[in-house]
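Take a look at the structure below.
The values are calculated or read from the model by the stated rules, or taken from the named source; none is laboratory data. Since the model is a prediction, treat every value here as computed from it, not as a measurement. Backbone-built Cβ (ideal geometry, glycine too); neighbour counts: all protein chains shown.
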Amino acid sequence: MGINGTEVTKEAARMILADDNYATIVSAVKRGRVVFDNIQKFLRYLLSSNMGEVCTVFFGVVLAGVIGLSDPNSSDLVLPLLATQVLWINLVTDSAPALALGLDPADGDVMRRKPRSLDDHVIDAAMWQRVIFIGLVMGAVTLLTIDMFLPGGLVEGTDSLEVARTAGFTTLVVAQLFNVFNSRSAHASAFSNLFTNRWLWASVGLGLVLQVAVVQAPFMQVAFGTAALDLQHWLIAIAMGSIVLLAEEIMKMLYRLRRRNRAA
């Protein structure tokens, strides 16, 4: 006799009790919820960060004339990021920070939530909306940073293409490192339980150190097509990257206000 998907799901949902201690059931349920939450955090972070890269490259090509992204010495297409820089972003931001999210401790309300339905998806419509929103914000701040330093475009700059591209590249890396704190919860502020995951802070710190190296070290500049940035460039890149954190905080605040109003 065949077994349909519903029967498999129901079978997987059954619990085998090894003892008659009620605390064992509570512990198992809590652990299951924590694992599910951390999978969602992992996916929320990776999808939104990769969406940021997609938006940067796509709109950088489409809006190249608007932001002044062109090579004055040729008519060739100029990309906002080089292929090696995209690979670097995936190496620095999609590895250690993403894995650290899998070690995030339980949220304070994990056992006060209603049980999930068996039909709930790991990636639901709300997550996709947030992924697209954060991706668009990342792309916007990255391209605006490039535009700020390039001659022409929306904002007049005076730097070379290499410097402007490196500033945008750094902005995107910083934005993704800020995004790892956004991704810890779909609704709670990134500033709640900020220091409960030491591995997350270690991965972010490592990412920043590596980014400084790829920008400032001469042998890394040759490999990744970067140029040295001065203090002003770094401060602007960090400030622009932090907009991702601000935008997500506003979205979460609006969600909490709507939920509070409904409850009232």
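Take the residues of segment 135-161 that are out of contact with any Gly (no Cβ under 7 Å at 6 or more places or on another chain) and outside any loop (DSSP other than H, G, I, E, B): which is nearest to S242 (Cα to Cα)?
Pass one, segment 135-161, residues out of contact with any Gly (no Cβ under 7 Å at 6 or more places or on another chain): 136-137, 140, 144, 154-161.
Filter again for outside any loop (DSSP other than H, G, I, E, B), leaving 136-137, 140, 144, 161.
Working: L136: 14, V137: 11, A140: 12, L144: 13, L161: 23 Å.
So the residue we want is V137.
Please verify whether segment 229-238 includes one or more residues that are more than 18 Å from the chain's Cα centre (by Cα), small (G, A, S) and surrounded by 13 or more Cβ atoms within 10 Å (Cβ to Cβ).
First pass over segment 229-238, keeping only residues more than 18 Å from the chain's Cα centre (by Cα): 229-236.
Checking which are small (G, A, S) leaves us with none.
No, because not a single residue in segment 229-238 is more than 18 Å from the chain's Cα centre (by Cα), small (G, A, S) and surrounded by 13 or more Cβ atoms within 10 Å (Cβ to Cβ).
When you look at S242, is it more than 22 Å from L82 (Cα to Cα) and free of Cβ contacts under 8 Å to residues at least 40 places away in the same chain, yes or no?
Taking the combined requirement at face value, the residue does not satisfy it.
Working only within segment 28-59, note down all residues that are at pLDDT 90 or above, farther than 30 Å from L77 by Cα and among the aromatic types (F, W, Y).
Passing the criteria: F42, Y45.
Check F178 against each of (1) at pLDDT below 95; (2) touching a helix residue (DSSP H, G or I) at 6+ places or on another chain (Cβ under 8 Å) and name the one condition it does not meet.
Going through the list (1) at pLDDT below 95; (2) touching a helix residue (DSSP H, G or I) at 6+ places or on another chain (Cβ under 8 Å), F178 breaks only (1).
If you go through segment 199-228, how many residues are surrounded by 14 or more Cβ atoms within 10 Å (Cβ to Cβ), in contact (Cβ under 8 Å) with a residue 24 or more places away in the chain and either touching a Pro at 6+ places or on another chain (Cβ under 9 Å) or of a type in the set (A, V, I, L, M, F, W, C) (or both)?
Summing the residues that are surrounded by 14 or more Cβ atoms within 10 Å (Cβ to Cβ), in contact (Cβ under 8 Å) with a residue 24 or more places away in the chain and either touching a Pro at 6+ places or on another chain (Cβ under 9 Å) or of a type in the set (A, V, I, L, M, F, W, C) (or both) in segment 199-228 gives 12.
Looking at the structure I just gave you, is A98 within 18 Å of F178 (Cα to Cα), hydrophobic (A, V, I, L, M, F, W, C) and surrounded by fewer than 22 Cβ atoms within 10 Å (Cβ to Cβ)? Before the answer, list the steps.
Details: within 18 Å of F178 (Cα to Cα): yes; hydrophobic (A, V, I, L, M, F, W, C): yes; surrounded by fewer than 22 Cβ atoms within 10 Å (Cβ to Cβ): yes.
The answer is yes for A98.
Of these, V204, V174, which one is under 17 Å from M138 (Cα atoms) and of a type outside the set (F, W, Y)?
Working: V204 fails: under 17 Å from M138 (Cα atoms).
Step by step, each of V204, V174 is checked, and only V174 is under 17 Å from M138 (Cα atoms) and of a type outside the set (F, W, Y).
Any residue that is more than 17 Å from the chain's Cα centre (by Cα), assigned to a helix (DSSP H, G or I) and surrounded by fewer than 18 Cβ atoms within 10 Å (Cβ to Cβ) - is there at least one of those in segment 191-198?
Within segment 191-198, one or more residues are more than 17 Å from the chain's Cα centre (by Cα), assigned to a helix (DSSP H, G or I) and surrounded by fewer than 18 Cβ atoms within 10 Å (Cβ to Cβ).
Go through segment 162-190 and give me each residue that's out of contact with any Gly (no Cβ under 8 Å at 6 or more places or on another chain), part of a helix (DSSP H, G or I) and either within 16 Å of A100 (Cβ to Cβ) or of a type in the set (G, A, S) (or both).
A167, G168, V180, F181, N182
Of L77, L81, which residue is at pLDDT 85 or above and either on the phi > 0 side of the Ramachandran plot or in a loop (DSSP other than H, G, I, E, B) (or both)?
On the way: L77 fails: at pLDDT 85 or above.
Every option except L81 fails the conditions.
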